[in-house]
Amino acid sequence: MVDHSFADLTLAALYDSINPWGPDDDFYLNLVRSADSVLDVGCGTGRLLARAASDGHPGRLTGLDPAAAMLVQARRRAPGVEWLLGDLNTRMWQGDFDLAIMTGHAFQVLLGDEELRGALRAVRSALSDAGRFVFETRNPAARAWESWTPDRVREVTDAEGRVVRVWHEVADEPSGDRVTFTETFDSPGWPRRHTGRATLRFLTPESLTGFLAEAGLRVEEQYGDWDRGPLTRTSPEIITVAAPAATAR
């Protein structure tokens, strides 16, 4: 599924300013460095694989994203990396990768049960028997969406030096495990503001474990933060390390 905001070339160019490098990137970069072949699902602007490539990663680095505008940024950044347009329904592999990752809470855009099951089956197929799938979702118990309010505005600067204001607002009351919100971009130099609407799914650890098991994957570790702290009710994240069920320890 494409994040429609970042399917726009202008907004895609702002992505890294809105989401600067942080401890989550460091966490994943360490994993990428230790794997011979890596599939980054929902790779966005490609900064993670680009950093690994610039550091001299000797193996295969493949980034997959459904938003062409994001891949424009990725290809400019690291033309030597394999950047592919599409999603897990359009690209299929058989045991090609030692590591598959989904960063930036991309896992949460998989809304329907069958969509989620299909994606996880594709990930399992892409992994070698000794491979690992690592991803994070926001912990629903922490209720992060309650802080997505219009008064929390971020300001970034676009390529032409114009200040762009960005804010989020929950659009409806949460429905089950789904939260719908708007993301608005505005700048005095633009002819109009841009507002996109999106929905995210907040799965519990138990639900995640169940969906992974259906796909032949087993949870090895779950952390509550990027320091690998334990997962508790108040943890902001559910960071999951999964392996093919036959080889999980």
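Length gained on full extension, residue 173 to residue 213: 11.4 nm, using 0.36 nm per residue less the C-alpha separation. Over the stretch 47-145, Cα pairs under 8 Å with separation of 6+ residues give a relative contact order of 26 percent. The separation of the stretch 133-207 from the stretch 22-41, counted between C-alpha centres, amounts to 24 Å. Packing, as the average of other Cβ atoms within 10 Å across residues, places the peptides 191-197, 47-53 in the order 47-53, 191-197, highest first. Nonpolar atom fraction for the stretch 142-249, defined as the carbon and sulfur part of the 1.4 Å probe accessible area, stands at 47 percent. For the chain, the longest principal axis of the alpha carbon atoms and the long axis of helix 113-126 meet at an angle near 60°.
Give me the percent of the accessible area of the stretch 1-81 that comes from carbon and sulfur atoms, probe 1.4 Å, all protein chains in place.
Working: 1700 of 3430 Å².
About 50 percent, which is the carbon plus sulfur part of the accessible surface.
How much mean residue ellipticity at 222 nm does the chain get from its helices, if each DSSP H run of length 4 or more adds -39500 (n - 2.57) and you divide by all residues, to the nearest 500 deg cm²/dmol? Value at 222 nm, helices only: -7000 deg cm²/dmol.
Ordering 79, 42, 168 by the projection of their Cα atoms onto the charge dipole of the chain, which places +1 on the Cβ of Lys and Arg and -1 on the Cβ of Asp and Glu, puts 79 at the extreme positive end.
The values are calculated or read from the model by the stated rules, or taken from the named source; none is laboratory data. In this text the structure is predicted, and so the values were computed from the model without any measurement. Please note: Cβ atoms are built from the backbone with ideal geometry, for glycine as well, and neighbour counts cover all protein chains shown. With ligands, DNA and RNA removed, areas are computed over all heavy atoms of the protein, side chains included. Shrake-Rupley method; radii C 1.70, N 1.55, O 1.52, S 1.80 Å.
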